[in-house]
């Protein structure tokens with residue numbers, strides 16, 4: 001049975017502001033299912049215009065059914081449905097390069113805070129298809145799983161990053177912060193390997209709070225700045241990350257890179273801003289570029305910061321266009337976080353003739369988009 005829903009505790013306006021100002025890139029609290037909301041006519045038009053042009057699918061983690069499950073939808077916000085269900089927390093989903101599988105992190109049992117993302121013995125890594133089939137555990141006691149290729153992955157155990165074939169075999173240690181004085185035994189989060197495989201972009205937490213790049217050959221660390229959720233652009237010539245400044249207390253920055261080091265100063269933050277939404281809902285987190293670099297998906301909240309309880313909503317933007325044209329795709333007061341985007345049709349769907357608009361059979365979801373109560377998450 002699913003655990004009882006947690007009741008969100010009231011927070012004063014002052015406390016909320018302090019959390020937003022001082023708690024950047026941290027998380028605490030408990031989940032809540034929230035309720036569905038309705039987009040305005042203008043918002044619907046943006047969803048169709050932007051999302052229809054992108055023509056892909058988005059996966060993300062949502063609390064709308066209780067503890068976080070994985071959901072997918074078309075890039076125009078249609079066909080929203082869950083592809084995992086159960087008591088465990090499913091989060092940090094990532095499409096394989098061919099779109100055939102989704103790598104994600106799952107709690108061993110029940111609710112676990114994202115602030116414990118690096119905790120020993122609390123997480124395993126799984127794969128599932130975009131249509132919710134073939135759930136498979138691929139790594140024990142690990143989190144922050146990402147793809148190197150369709151058959152190879154990277155992941156974290158506390159202070160260490162490993163690389164391994166998806167199917168198993170020998171793990172290759174890429175870096176362990178307990179053995180690098182410059183990293184000071186920091187917790188390593190969201191490791192992202194560069195296109196040429198020479199550098200690892202990492203967010204540090206714990207004893208250190210910064211983003212940077214680890215040179216795998218020289219075994220040296222280059223700090224890139226404050227913030228979190230650092231990543232490489234698909235072309236491999238830039239990094240982008242969330243910085244704790246901007247209209248709503250955060251924004252996404254980007255910097256050109258060469259040989260693992262920035263080639264431009266970050267002294268003028270406005271000049272290196274990738275996206276900072278206008279308006280009140282402008283607390284941006286979880287940015288992810290499409291494989292062609294043309295689309296950015298992320299989540300933003302109007303108030304609150306906690307990654308796993310605040311009312312984040314998913315947005316889609318065509319890179320290089322006016323930020324005001326970004327389309328809000330979700331309208332639900334639950335927590336929606338860590339989106340990823342795949343443009344086109346996933347490999348498995350291409351094989352059976354399906355397109356990105358193909359959803360689960362009608363008996364697997366109700367009229368509101370919620371899946372029927374059958375089929376629970378597997379626990380091994």
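When the Cα gyration tensor is reduced to axis lengths a ≥ b ≥ c, the ratio a/c is 1.5 or higher for the stretch 227-358, and with a/b not above b/c it is classed as oblate. The distance linking the stretch 108-160 with the stretch 219-280 is 26 Å (Cα centroid to Cα centroid, whole angstrom). Each residue in 63, 96, 35 was given a count of other beta-carbon atoms within 10 angstrom of its own, and listing them fewest first yields 35, 96, 63.
Between residue 48 and residue 280, the modelled label-to-label distance comes to 2.7 nm, taking each label 7 Å out from Cα in the direction of the beta carbon. Residues 301, 178, 170, 245, ranked from the fewest to the most other C-beta atoms within 10 Å, line up as 170, 178, 245, 301.
For 314, 58, the sequence from fewest to most other C-beta atoms within 10 Å is 314, 58.
Each reported figure results from applying straightforward, stated rules to the coordinates on display, with no laboratory input. The structure displayed is predicted, hence computed values, not measured ones. Please note: Cβ atoms are built from the backbone with ideal geometry, for glycine as well, and neighbour counts cover all protein chains shown.
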